[in-house]
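So the structure is just underneath, and the comments pick up after that.
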Amino acid sequence: MAENMKGKVVVVTGGGRGIGRSVALEVAAQGADVVVSDMFRDEDGNTAADSVVAEIKDLGRGAVAVAADVSIEAGGDATVQAGLDEFGRIDMLVNCAGNNVRAPFVDLTEAQWDSVMGVHVKGHFFCSRAAARAMIARGEGGRIVNVASRGAFYSVPKSTRTEGVPHRYPCVVYSAAKAAILGMTQTLALELAQHRITVNALIPSADTQLFPGKGSRGAGGVPGTISLDPAYIAPFVAFLGTEAAADITGRFVYATGGDVCFFPQPLQLSGSYFVRKPGKWTVDELSTTIPPIAAAGQS
């Protein structure tokens, strides 16, 4: 295998399981040394990060495990500092740490809201800030990849649900957190461009502990032709850490199985959904003009 990331140091939060584990193993296979951050522990007290670190060392790469809480400032700082202490540099941060709750909006508690917002939004913020500070101080650029979700835009469409598996709609706080990550991604991409730090958002679809039971989905009407193994997503994340991706920033990218799709840049004031008139609109004018445009945008 080509070592496209040889000499790089990559921090992966949520790296003990799911997408994070697959990413950690992939970047190691591509030649990187890895900081694996994950708080999950099994019944014997072993962290998921320790297991992944052992696998990475078997590949002949350097690795260190961190069990820090990224939802607090000290945890985000400690996660990045572990890489600086062990390897002397940070080249790439992959924010995979996440959690979720299953609760209807009217039953959602403040504690549940704070928990999900803490891990996703504050976790991305604290780790990205610490990584950016280290990258800027070193002066050689860097890469940040944030893990978002289609839940930021909408609930999981019926066509993608697995037969026989209850529909696990994103809780409103999960959707809100992932939408915040998308906004953070574009703003950071603009602000950090002067330091040659790229920032992109991955929008994955995979069978993980957080969203289990997906298995595979059909393509072209053929059931089960696209694997939802998170290992299929990991090469694209690794690609974002290579020189070939140096000019890709501020983008939202969907990845699942063998599929990769770059979302159009959002919020562009142009195209068939944009209308203008001289002066102020009246309610009557809007009542006749807007409904067809809104309907077309939903098709």
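None of the figures in this text is laboratory data; all of them are computed from the coordinates on show. Computed from a predicted model, the values in this text were never measured in an experiment. Neighbour counts are summed over all protein chains in view; Cβ atoms, including those assigned to glycine, are modelled from backbone coordinates with ideal geometry.
Here are a few things to note about the model shown:
- Sequence-ordered 3J(HN,Hα) estimates for segment 124-132 from the Karplus curve with 6.51, -1.76 and 1.60 and θ = phi - 60° stand at 4, 5, 5, 5, 5, 5, 5, 5, 4 Hz, glycine and proline given as x.
- A protection proxy built from the mean count of other Cβ atoms within 10 Å ranks the segments 24-36, 45-57, 64-76, most packed first, as 24-36, 64-76, 45-57.
- Ranked packing of 86-94, 136-144, 279-287, most packed first, by mean Cβ within 10 Å: 86-94, 136-144, 279-287
- Net charge contributed by nearby residues that have their C-beta within less than 13 Å of Met117 (K/R +1, D/E -1): 0
- In sequence order, calculated HN-Hα J values of segment 13-30 (Karplus, 6.51, -1.76, 1.60; Hz; x Gly/Pro): 7, x, x, x, 8, x, 4, x, 4, 4, 5, 4, 5, 5, 5, 5, 4, 8
- For Val199, distant residues with modelled amide H under 5 Å away: Ile144, Gly250
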